[in-house]
Amino acid sequence: MNRREFCKKSLLIAGGLVVPLSALELFNPERLLAEKNDKSKTRWVFLVDTHKCVGCGFCVKACKTENEVPYDANVTRTWVERYVITNDGKAHIDSPKGARDGFQSAKLDQNHAGMEEIKEEDIAKAFFVPKLCNQCENPPCVQVCPVGATYKTNNGVVLVDRKWCIGCGYCIMGCPYSVRFFHPVYHVAEKCNFCYHRISQGMKTACVDACPFGARQIGNLKDPKDPVTKVIMNERVNVLKDEYGTKPQVFYIGLPREVK
Amino acid sequence: MKSHVWRPLYVALGIIALLLVLRVFLVPNDFGVSEQGYMYGWHRTSNEAEWKKVTVKYKGSEACKECHEKNYNDITSSPHADIGCENCHGPLLNHPEDPEKLSIDRNRELCLRCHLKLSYKTSDRGNLKGINPETHNAGSKCVQCHAPHNPGQLGQKQEVKK
């Protein structure tokens, strides 16, 4: 064996060893098995009572401040929609600035179409619906992430890794509930994470604490004694866009069919 | 075996090997699959801790009690009992060190969040006492007549002012 041949062969062997070593890291049968038995003791879920919400928007104000979403940028992690259903069955919807300042007019803000006035006698029903990330059991936003920057934690909350996100925007398009947006400062995907910093130290989310009417609640679905779990198990609750198969974990009391 | 046909294969294998080696250096050590599995579990483990480090800003009305006892007692025995102080005054943060004072919002818009009359019978909003801001003392601040911490009685305000 001459020197050239020796170099060639040893490089080949070293390279050949590296390839399977780093490739093997990709597949781990134990992990695949572990996926099937979920041992986590917490599953954060949310409960919204649409009867109780009066549309004051204090939840939106608190959320933006607590989570450092620029206050005057027209993006928000949670928002409140107003639905006015008229006698002809039409749904009129608005959410000016995500209801950060509540609803300051009886007229509905239709953006470029101007303010829409609806006569009191034409109203069949009217109500407010707070919206936030559904922390889906099958989050489509996580599936589409090409770099592993968004993921589901063991307690069910979907988080975004700001350092790892490349800002491609697939997840923003992939979310059927439109809860994701680009953070105006960090230019990466941003979304509600149930105030992860608060719930992980035993506090409630900022929006739950802000709501004066108890329209918002957070709970642990794995704890049968949790009052939120009891309501979800024993009362008539509904979720948004069930047909998408995302298994959303924000439950609504009194959710009318007009709400999409 | 010395056929040019194999060359592209070697090149391809070389590129794959290079990528796998690069991957070892570029991907952080704690990047991997969590218990959530291959579909939803890929992430940098240390990111969870990063999110937990966000500063808590809102600390609840109980935190105001010891220093602003009068305001606290006023409001908790009034129709406004359920409204948290920080909704109207902003987050506590490290007040009174930083900020030294919390803001006071005397705008009509603050009260209209709830008291703008909307006769929505199918929502609790319909049961709230509402006013029409265009006819109800337009131009004057609500707090000139109503005490925000005790809106039950009119005139209570004069006491607060002293």
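Considering only region A:194-221, state which residues are under 13 Å from A:W44 (Cα atoms) and surrounded by 24 or more Cβ atoms within 10 Å (Cβ to Cβ). Of everything in region A:194-221, those that are under 13 Å from A:W44 (Cα atoms) and surrounded by 24 or more Cβ atoms within 10 Å (Cβ to Cβ) turn out to be A:F194, A:C195, A:T205. Condition check: of a type in the set (F, W, Y) and under 30 Å from B:Q36 (Cα atoms). Does A:F46 satisfy that? When the stated conditions are applied, A:F46 passes them. Scanning region B:114-131 for residues that are out of contact with any helix residue (DSSP H, G or I) (no Cβ under 7 Å at 6 or more places or on another chain) and within 19 Å of B:A147 (Cβ to Cβ) turns up B:C114, B:H115.
Does any residue in region A:133-157 that is over 23 Å from A:R198 (Cα atoms) and at the interface with another protein chain (Cβ under 7 Å from one of its Cβ atoms) come within less than 9 Å, Cβ to Cβ, of a residue that is in a loop (DSSP other than H, G, I, E, B) and open to solvent by 10 Å² or more (accessible area, probe 1.4 Å) six or more places away or on a different chain, and which pairs are these? Pairs found: A:G148/A:W164. When every residue of region A:161-173 is checked against the conditions, none turns out to be more than 24 Å from A:G57 (Cβ to Cβ), of a type in the set (D, E), without any contact (Cβ under 8 Å) to a residue 24 or more places away in the chain and surrounded by fewer than 21 Cβ atoms within 10 Å (Cβ to Cβ). Is it true that some residue in region A:32-42 is of a type in the set (D, E, K, R) and more than 13 Å from chain B (Cβ to nearest Cβ)? Looking for residues that are of a type in the set (D, E, K, R) and more than 13 Å from chain B (Cβ to nearest Cβ), one finds none in region A:32-42, hence no.
For the subset of region A:224-247 comprising residues that are in contact (Cβ under 8 Å) with a residue 24 or more places away in the chain and more than 25 Å from A:V84 (Cα to Cα), which member is most open to solvent (accessible area, probe 1.4 Å)? Among residues in region A:224-247 that are in contact (Cβ under 8 Å) with a residue 24 or more places away in the chain and more than 25 Å from A:V84 (Cα to Cα), the one most open to solvent (accessible area, probe 1.4 Å) is A:Y244. Which of the residues belonging to region A:1-16 are among the hydrophobic types (A, V, I, L, M, F, W, C) and assigned to a helix (DSSP H, G or I)? If the condition is that a residue be among the hydrophobic types (A, V, I, L, M, F, W, C) and assigned to a helix (DSSP H, G or I), then A:F6, A:C7, A:L11, A:L12, A:I13, A:A14 are the ones that fit. For A:K52, the criteria (1) within 29 Å of A:M115 (Cβ to Cβ); (2) open to solvent by 50 Å² or more (accessible area, probe 1.4 Å); (3) more than 11 Å from chain B (Cβ to nearest Cβ); (4) touching a residue at least 60 places away in the same chain (Cβ under 8 Å) hold in every case but one, which is (3). From A:A91, A:A106, which residue is more than 8 Å from chain B (Cβ to nearest Cβ) and either among the β-branched types (V, I, T) or open to solvent by 10 Å² or more (accessible area, probe 1.4 Å) (or both)? Checking each option against the conditions leaves just A:A91. One residue is enough: does region B:111-124 have a residue meeting the conditions of a type in the set (S, T, N, Q) and either assigned to a helix (DSSP H, G or I) or over 24 Å from A:A106 (Cα atoms) (or both)? Checked against the condition, which is being of a type in the set (S, T, N, Q) and either assigned to a helix (DSSP H, G or I) or over 24 Å from A:A106 (Cα atoms) (or both), region B:111-124 yields no hits at all.
The values are calculated or read from the model by the stated rules, or taken from the named source; none is laboratory data. Just so it is clear, the structure is predicted and the values come from calculations on it, not from any experiment. Cβ sites come from the backbone with ideal geometry, for glycine too, and all protein chains shown count toward neighbours. The accessibility values were calculated without ligands, DNA or RNA, using every heavy atom of the protein model including side chains. Shrake-Rupley method; radii C 1.70, N 1.55, O 1.52, S 1.80 Å.
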